[in-house]
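**Q** Sharing a structure here in structure tokens format.
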Amino acid sequence: MTTLTIARATYSQTIRQPVYTVLLLAMLATVSIHATLPYYTFGEDTKMYKDIGMAYVLGFVLVMALLSASRVVADEIDDRTMLTLMSKPVRRTEVIIGKFLGLLLGCGLAIFLGCLAVAVAAWFMYPADEMEPIFPEDWRTLEIIRPVQWMHALSIVPGAVTIFLQVAIMTAISVAISTRLGAVLNVVICAVLFVAGNLTGYLQQVVKDAGAGWRALARVLNTLLPGLYQFNITDALAYRTVVFGPVPADEETYFSSISWSTIWTFVGLDALYALCYITAAIALALALFRNRELTGSTA
């Protein structure tokens, strides 16, 4: 019960911050404006917009998460709020988990609103790709266009889940760092880890012809750094046709389509990896916070 209370308080504190409101409105304005821009892709504007829109949602929410998570523990230690909180019958484990869950709720709300805006915009954009009105009067045209509109809109759902998982991993890392370091160093370290996590997939290829020591180092980095590269399924969701059933066997359709079940299989594996990594990051946060002096200041 204490954990949930702290989570609710952290969620309320997060969404009330001016930076949260500014970034949320900026994200919604950006994805909305981009929905009106021409991409000159000869009938594939919707696909490109989905890719760009989900990238914007990830970028804005990630900044929002890091700015909030980097201060969630450090600031309360600096202003001695944490000392007052710990004078009550509250365990440090409950504080860390509660604050992490509260941050996730705030980020989850932003992801939901951003991806909902992208899905709605994609639904309305597709008829223009086919040189048709949004509400065609011909029922034959309607039968052709409507299923594709819903395909584009629903394909945003697994993309939103993978965005949430990436943000959850980075939030857990930021909370762990926040127990020892201040906000500025926290954000810098997390930014470096985010970039490195998206590049770890290429490490094995880079060192495949190197010595045994370099290959061993690459394996260690692949294990320790967050493997964010494997969450990048937006290309498949944006540029392939999502099939809500078996993918046709002909070669052209097979390589340009992806089944709904295959997508969710990848998302499920990503979720399992994210759960393991988040658990490790929160365990590290608890270890760092267990003996933290609450009267000192963070670096």
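None of the figures in this text is laboratory data; all of them are computed from the coordinates on show. In this text, all values refer to a predicted model and were calculated from it rather than measured experimentally. Backbone-built Cβ (ideal geometry, glycine too); neighbour counts: all protein chains shown.
**Q** What's the FRET efficiency of Ala280 with Leu154 using the Cβ-Cβ distance as r and R₀ = 35 Å, to the nearest 0.05?
**A** With R0 = 35 Å, the Cβ-Cβ based efficiency is 0.60.
**Q** What order do you get for 215-221, 149-155, 66-72 when each peptide is scored by the mean count of other beta carbon atoms within 10 Å, highest first?
**A** Going by the mean number of other Cβ atoms within 10 Å, highest first, we get 66-72, 149-155, 215-221.
**Q** Continuing with this model, one more query. All other residues with a Cβ under 14 Å from the Cβ of Gly227 taken together, and with Lys, Arg as +1 and Asp, Glu as -1, what is their net charge?
**A** Combined, the nearby Lys, Arg, Asp and Glu give 0.
**Q** Using a simple spin-label model with points 7 Å from Cα along the Cα→Cβ vector, what separation in nm is obtained for Val90 and Val192?
**A** Label-label distance for Val90 and Val192, simple model: 3.2 nm.
**Q** Taking 7 Å along the Cα-to-C-beta vector as the label spot, tell me the Leu199-Phe266 distance in nanometres, rounded to one decimal.
**A** 2.3
**Q** List the residues, sorted by chain then number, that are 5 or more residues from Thr241 or on another chain and whose placed amide H is less than 5 Å from its amide H.
**A** Ser257, Ile258
**Q** For segment 2-290, count the residues as N, evaluate 2.2 N^0.38 Å, and divide the Cα radius of gyration by that value, please.
**A** Here the answer is 1.14, to two decimals.
**Q** Just to check I understand the Karplus step: with θ = phi - 60° and J = 6.51 cos²θ - 1.76 cosθ + 1.60, what whole-Hz values come out for segment 30-41, glycine and proline as x?
**A** Those phi angles translate into 5, 5, 6, 5, 5, 5, 9, 8, x, 10, 6, 10 Hz.
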